[in-house]
Amino acid sequence: MSDTTTAPAMLEGPALEKDDDYRSILDVFERACTQYAERPAFTCMGSTLTYARMKDLVDRFAYWIESQTDMAPGDRLAIVLPNLLQYPVAVFGALKAGLVVVNTNPLYTADEMHHQFEDAGVTGVVVFAHMAHKLETVLKRLTIAHVIVTEVADLHPWPSRLKYNLGARYIARQVPSYHLPDAVSMRQILKHKGPVTQDRRGRDDDLAILQYTGGTTGTPKGAMLSHANLVANMRQTGEVLGSAVIRGHETIIAPLPVYHIYTFTVNCMFGCETGNHSVLIPNPKDIDGFVKTLAKYPFSAFIGLNTLFAALCRRDDFKKLDFSHLKLSVSGGMALNTTTASRWQEITGSAVLEGYGMTETSPVVCVNPPDRIQPGAIGRPVAGTRLQVLDDNDRPLGYDTPGELCVQGPQVMKGYWNLPEETARTLSEDGWVRSGDIAVLQRDGFVRIVDRKKDMIVSSGFNVYPNEVEDVLLRHEDVHEAAIIGVPDEDCGESVVAFIVPRNGASLDANALKQWCRRELTGYKVPRRFEFRDQLPRSNVGKVLRRALRDELADNGESKR
């Protein structure tokens, strides 16, 4: 029940001072490259790029776009890469050429890629060779003028490059055959060198990134993030974490995907601006390899999420690592389990600092101060950020009263790409964005998330939208009805559970349905378990009651969300 007897609560971060030094992401990048030229910027699979080398490669990439293509400022370039050295080169190079980056999950199916590319109107794609066969399928239905293919170790020196590239292709057989006759290799592109027209680059309110998200509804939408949004969020993050970071001296472990806006802002923006060294982990699911990489570097910061912290804490080899340099552990992307946080601190000696954000806010909204971590809370609003909570009738609520969290600040997106009606539903005229999360504002200035307004599932830090999975299941000829819910899971935060009503006389089994889903969906969206029913609970207007399904599992001994 809403509390309408108390004054509306409002939390506000400290003022964010105006800074005319950074009018674009490129200003941040190029100043870092000048100031920290010989410092390592990014390392991946044992190979390192200094800031000076990074700038040279970025300039070459931008020059190729300007001199060898018809892509113009404002055109969209999709980047389909895991955590490789090529990612920051492609992103900063595209931005220097004035393009808009469309971050794309390389695990997407061809259908998922097709939807995103078509919606964004991309005119170019940078794709990892391991996923190029999916792009070949996309190009049978969609015309994209410029295709750039890169192999796993293209930016490694000889002979490391040869070992990794040939090993992936011919020994591990990780590169399915593909036919892209008009594609250009990234290595060939980086042989070009020349000046780039400086007025091509975007600035201030110009669009920088289209970051796709389901937002609060599950319909894929491109959040329009400007240079100003991302620079502001970098500075907001820095004002909280800056006290724990020495410029040009830190080594930051980056296992989360760089195509996710959380890692982009923290590692590609904040990490670069402070001249620090990010170690990119291409495949954190390879825990053996991950721990071996950690053993090679005296890392001082670790950016992760609950799933990863929990998995590492179960490893004896991880527990034996040297944590004497570790002073900053940051969690985001999903709720942090208190048990996991305690285990991490016990093993590493570093308390986990939890934060909160959304794609629509570039993404950071709240962070726990390093010197005052409040377990179970997502922290305080970052500088220049205002928070309020609303009831179902959009009335502001008081302190300690659950309501939908709404955010206002310079990091809030411009809106959703080509979706004015959806933008109007999510973003008010005076810049308040709805989060879809139910939160409590505390009188001490901290915030707690208590529930979700929508039925979105967060599995291993990724958003899973029930409607999307249900649509795939309902395309199976033997499925009459389907409902998707999330249930608590210690390993991945929440696991996806499907309730299925078969068609009359149909014989269905879970393995067959899993295989069906895997053809249509990225792995983390595929239900881990299937429950078969004669009927699904419905409201008086016929809507499936997902809450009733969650309660049913809870009554059978499983925890409620």
Among residues of the stretch 504-522, those that are exposed (fewer than 15 other Cβ atoms within 10 Å of the Cβ) and closer than 16 Å to Ala110 by Cβ, counted
2
Within the stretch 348-371, considering residues that are in contact with a strand residue (DSSP E or B) (Cβ under 9 Å, 6 or more places away or on another chain) and among the charged types (D, E, K, R), the one surrounded by the most Cβ atoms within 10 Å (Cβ to Cβ):
Glu360
Scanning the stretch 412-433 for residues that are aliphatic (A, V, I, L, M), over 17 Å from Pro363 (Cα atoms) and touching a residue at least 12 places away in the same chain (Cβ under 8 Å) gives Leu419
Would you confirm whether or not the stretch 339-346 contains a residue that is at pLDDT 95 or above, assigned to a loop (DSSP other than H, G, I, E, B) and not aliphatic (A, V, I, L, M)?
no
Among the listed residues Val479, Val487, which satisfies the condition of being in contact with a helix residue (DSSP H, G or I) (Cβ under 8 Å, 6 or more places away or on another chain), more than 19 Å from Leu405 (Cβ to Cβ) and without any contact (Cβ under 8 Å) to a residue 60 or more places away in the chain?
Val479
Could you list, in sequence order, all residues of the stretch 278-321 that are more than 13 Å from Thr340 (Cβ to Cβ), assigned to a loop (DSSP other than H, G, I, E, B), free of Cβ contacts under 8 Å to residues at least 12 places away in the same chain and over 22 Å from the mean Cα position of the chain (by Cα)?
Lys320
Filtering the stretch 352-361 down to residues that are more than 18 Å from Pro14 (Cβ to Cβ) and not in a strand (DSSP E or B), which residue is nearest to the chain's Cα centre (by Cα)?
Thr359
From the option list Thr6, Thr69, single residue qualifying as within 30 Å of Arg380 (Cα to Cα) and over 25 Å from the mean Cα position of the chain (by Cα) is Thr6
Any chance Ser47 is out of contact with any Gly (no Cβ under 7 Å at 6 or more places or on another chain) and surrounded by fewer than 24 Cβ atoms within 10 Å (Cβ to Cβ)
yes
Does the stretch 42-58 include one or more residues that are more than 26 Å from the chain's Cα centre (by Cα) and under 30 Å from Asp391 (Cβ atoms)?
no
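Just for the stretch 493-528: of the residues that are among the charged types (D, E, K, R) and in contact with a helix residue (DSSP H, G or I) (Cβ under 7 Å, 6 or more places away or on another chain), which one is farthest from Val472 (Cα to Cα)?
Lys525
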Some residue of the stretch 277-295 being out of contact with any Asp or Glu (no Cβ under 6 Å at 6 or more places or on another chain), under 18 Å from Val352 (Cα atoms) and either surrounded by 22 or more Cβ atoms within 10 Å (Cβ to Cβ) or not basic (Lys, Arg) (or both)
yes
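I'd like to know if the stretch 371-390 contains one or more residues that are among the hydrophobic types (A, V, I, L, M, F, W, C), over 22 Å from Thr307 (Cβ atoms), touching a residue at least 60 places away in the same chain (Cβ under 8 Å) and in a strand (DSSP E or B).
Yes, the stretch 371-390 has at least one match.
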For the stretch 527-544, how many residues meet the condition of being in a loop (DSSP other than H, G, I, E, B), modelled with pLDDT of 90 or more, closer than 21 Å to Val464 by Cα and not aliphatic (A, V, I, L, M)?
2
How about the stretch 402-444: which of its residues are more than 20 Å from Val102 (Cβ to Cβ) and among the basic types (Lys, Arg)?
Arg425, Arg434, Arg443
Do we have any residue at all in the stretch 449-471 that's free of Cβ contacts under 8 Å to residues at least 40 places away in the same chain, under 30 Å from Gln374 (Cβ atoms), surrounded by 16 or more Cβ atoms within 10 Å (Cβ to Cβ) and β-branched (Val, Ile, Thr)?
yes
Scan Asp491, Asp471, Asp478 and give me the residue that is of a type in the set (Asp, Glu) and touching a Ser or Thr at 6+ places or on another chain (Cβ under 7 Å).
Asp491
Of (1) within 21 Å of the chain's Cα centre (by Cα); (2) closer than 20 Å to Leu553 by Cβ; (3) buried (at least 17 other Cβ atoms within 10 Å of the Cβ); (4) of a type outside the set (Lys, Arg), Val487 satisfies all except one. Which?
(1)
Filtering the stretch 87-121 for residues that are farther than 16 Å from Thr522 by Cα, out of contact with any Cys (no Cβ under 9 Å at 6 or more places or on another chain) and not β-branched (Val, Ile, Thr) leaves a count of 13
If the requirement is being touching a helix residue (DSSP H, G or I) at 6+ places or on another chain (Cβ under 9 Å), farther than 29 Å from Arg372 by Cα and either charged (D, E, K, R) or modelled with pLDDT of 95 or more (or both), which of these qualifies: Asp199, Asp206?
Asp206
Per-region count, the stretch 3-45, residues under 26 Å from Asp205 (Cβ atoms) and among the β-branched types (Val, Ile, Thr)
3
The stretch 296-320, subset of a type in the set (Phe, Trp, Tyr) and buried (at least 17 other Cβ atoms within 10 Å of the Cβ), residue modelled with the lowest pLDDT:
Phe309
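The values are calculated or read from the model by the stated rules, or taken from the named source; none is laboratory data. Quick caveat: nothing in here was measured; it's all calculated off a predicted structure. Every residue, glycine as well, gets a Cβ built from its backbone with ideal geometry; the counts of neighbours run over all protein chains shown.
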